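Here's the structure we're looking at; comments come further down.
The values are calculated or read from the model by the stated rules, or taken from the named source; none is laboratory data. All values derive from a computational prediction rather than experimental measurement. Methodologically, a virtual Cβ is constructed for each residue, glycine included, from the backbone with ideal geometry; neighbour enumeration extends over all protein chains shown.
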Amino acid sequence: MAHDLDVAILGAGPSGSLAAALLHKRGLKVAVFERETFPRFSIGESLLPQTMEILEEAGLLRPVVEAGFQHKNGAAFRRGERSSVFDFRDKSSKGWSTTFQVVRADFDKVLIDAVAAQGVPVHYRHEVTAVAMDGTGGRLTIRHPGGDLEIKARFVLDATGFGRLLPRLLKLETPSEFPVRMALFTHIRDGIPHGGMDREKILVSVHPDDKAIWYWLIPFSNGRCSIGVVAEPRLLEHVRQKNPGADDTALLKAIVAETPALNDMLSNAVWDTPARSLKGYAANVASLHGPSFALLGNAGEFLDPVFSSGVTIAMRSASLVAPLVERHLSGAAVDWAGEYDIPLRRGVDAFRAFVDSWYRGGFQDVIFFPGQQPEVKAMICSILAGYAWDRSNPYVADPSRLKVLEELCAAPGS
């Protein structure tokens, strides 16, 4: 294995795979180092249509299409007796209107296997334990089954997701503005009869007594689905008190039972996989770049799973960073703040405005407003489809417009 690289990519998830493919296409010597083996479990299973054009750009669309994942064309929302559907084909932005809902263990392996088939070395069970960065590149100490080795790379990309390797080692982490929330989630054999739900849409349900508690239901193509609940831990405390000593699976089933429509939908479900939990996942960093390195996707910032923005932001970051790394390594000047940080954060900030509004309840009023105007709904649909960088959309160009829309759609007494 050659130890001298143009680019070392840490992490083999979607952002790492996309970055590797895009940089390899540019003729750079790239290798991917992954701590785990694939396939491995991950959440973030409901893709958004804008990811399709980035997959296409990287030459990775065909293997994804051929993998047989569940087709997805929109999002459905339910709160009590009210429901609302956003079909991505009605969006105002140009570009892809459909995508997939994926088992991430399979999806991530499809991507990284395709990258390896393109000729990029992928090294599993290689964990970076130390890093030294300067303006000429990085020196990485990597532990693997055969011992320790040292890798020298002219540039390093951190695609480690929630592992957030470089932010931890280089002390870049800063507090998130979001409250600490937790997610309980698992995969189940859903048992939903034919016609019992539109499997081409993610279903987002709101707890009947607390709009800050919500559930996702993501159907897969094999009769299974991902089910999860998100809330601040204190909001789930009543469930723990009623079920002392219960494990995560029992707690998740108990909180699902508090939402009748969702509970009825899953009345025939087989809960055959132990639930997992993730707490305090929202994260931020002081900077998305530094001397000879950049952060991709969740390694830089993660907002919240409510609008499935994580994988889209990850892929967008890889698409933005690849040409900049190529220029940097050719000796050309790169304005990393103006060409990477700021453009990436524009979309992140658009998503952030909608996440904030969701938990305040204002965006929920917008979603369930009975008199939705088609033109405005098309703009909102574009955000939900991942087109958070389309500045022709007024709600992207100026996310504060959302507050005006909230006021117009406010429920009585809210």
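Is it true that some residue in segment 350-363 is of a type in the set (D, E, K, R) and over 30 Å from residue 156 (Cβ atoms)?
Within segment 350-363 (the criterion being of a type in the set (D, E, K, R) and over 30 Å from residue 156 (Cβ atoms)), the answer is yes, since at least one residue qualifies.
When only residues in segment 183-236 that are β-branched (Val, Ile, Thr) and in a loop (DSSP other than H, G, I, E, B) count, which is modelled with the highest pLDDT? Please lay out each step first, then the result.
Applying the first criterion (β-branched (Val, Ile, Thr)) to segment 183-236 yields 186, 188, 192, 202, 204, 206, 213, 218, 227, 229-230.
Now restrict to residues that are in a loop (DSSP other than H, G, I, E, B): 192, 213.
On the way: 192: 96, 213: 93.
Among those that are β-branched (Val, Ile, Thr) and in a loop (DSSP other than H, G, I, E, B), it is 192.
Residues of segment 353-384 being polar (S, T, N, Q) and surrounded by fewer than 19 Cβ atoms within 10 Å (Cβ to Cβ), which ones?
372, 373
Among the residues of segment 123-150, which ones are of a type in the set (Ser, Thr, Tyr), under 23 Å from residue 13 (Cβ atoms) and either outside any strand (DSSP E or B) or in contact with a helix residue (DSSP H, G or I) (Cβ under 8 Å, 6 or more places away or on another chain) (or both)?
If the condition is that a residue be of a type in the set (Ser, Thr, Tyr), under 23 Å from residue 13 (Cβ atoms) and either outside any strand (DSSP E or B) or in contact with a helix residue (DSSP H, G or I) (Cβ under 8 Å, 6 or more places away or on another chain) (or both), then 124 is the only one that fits.
Would you point out which residue out of 338, 310, 386, 331 is over 22 Å from residue 213 (Cβ atoms) and in contact with a helix residue (DSSP H, G or I) (Cβ under 8 Å, 6 or more places away or on another chain)?
Criteria check complete, one pass: 386.
Filter segment 294-307 for residues that are outside any helix (DSSP H, G or I) and either in contact with a Leu (Cβ under 6 Å, 6 or more places away or on another chain) or closer than 11 Å to residue 159 by Cα (or both) and give the result.
Keep residues of segment 294-307 that are outside any helix (DSSP H, G or I), which gives 294-296, 300-304.
Those that are outside any helix (DSSP H, G or I) and either in contact with a Leu (Cβ under 6 Å, 6 or more places away or on another chain) or closer than 11 Å to residue 159 by Cα (or both): 294, 295, 296, 300.
Output the number of the condition that residue 278 fails; it satisfies all remaining conditions of (1) surrounded by 17 or more Cβ atoms within 10 Å (Cβ to Cβ); (2) closer than 30 Å to residue 208 by Cβ; (3) at pLDDT below 95.
(1)
When segment 367-408 is examined, which residues are found to be of a type outside the set (S, T, N, Q), more than 19 Å from residue 96 (Cβ to Cβ) and touching a strand residue (DSSP E or B) at 6+ places or on another chain (Cβ under 9 Å)?
Residues satisfying the conditions are 367, 368, 369, 370.
Working only within segment 124-144, note down all residues that are under 25 Å from the mean Cα position of the chain (by Cα) and surrounded by 15 or more Cβ atoms within 10 Å (Cβ to Cβ). Walk me through how you get there before you give the answer.
Step one: list which residues in segment 124-144 are under 25 Å from the mean Cα position of the chain (by Cα), which gives 124-128.
Result: 124, 126, 127, 128.
With 295, 303 as the choices, which residue is among the aliphatic types (A, V, I, L, M), within 30 Å of residue 335 (Cα to Cα), surrounded by 20 or more Cβ atoms within 10 Å (Cβ to Cβ) and modelled with pLDDT under 90?
303
Tell me which of these residue 406 doesn't satisfy, since it passes every other one: (1) in contact (Cβ under 8 Å) with a residue 60 or more places away in the chain; (2) acidic (Asp, Glu); (3) crowded, with 18+ Cβ neighbours inside 10 Å.
Among (1) in contact (Cβ under 8 Å) with a residue 60 or more places away in the chain; (2) acidic (Asp, Glu); (3) crowded, with 18+ Cβ neighbours inside 10 Å, residue 406 violates only (1).
Filter segment 84-109 for residues that are in a loop (DSSP other than H, G, I, E, B) and touching a helix residue (DSSP H, G or I) at 6+ places or on another chain (Cβ under 7 Å) and give the result.
91, 92, 93, 95, 96, 97, 98
Please report, ordered by residue number, the helices (runs of 4 or more DSSP H) entirely within segment 338-403 with at least 3 residues that are of a type in the set (A, V, I, L, M).
Per the criteria, 342-360, 374-384.
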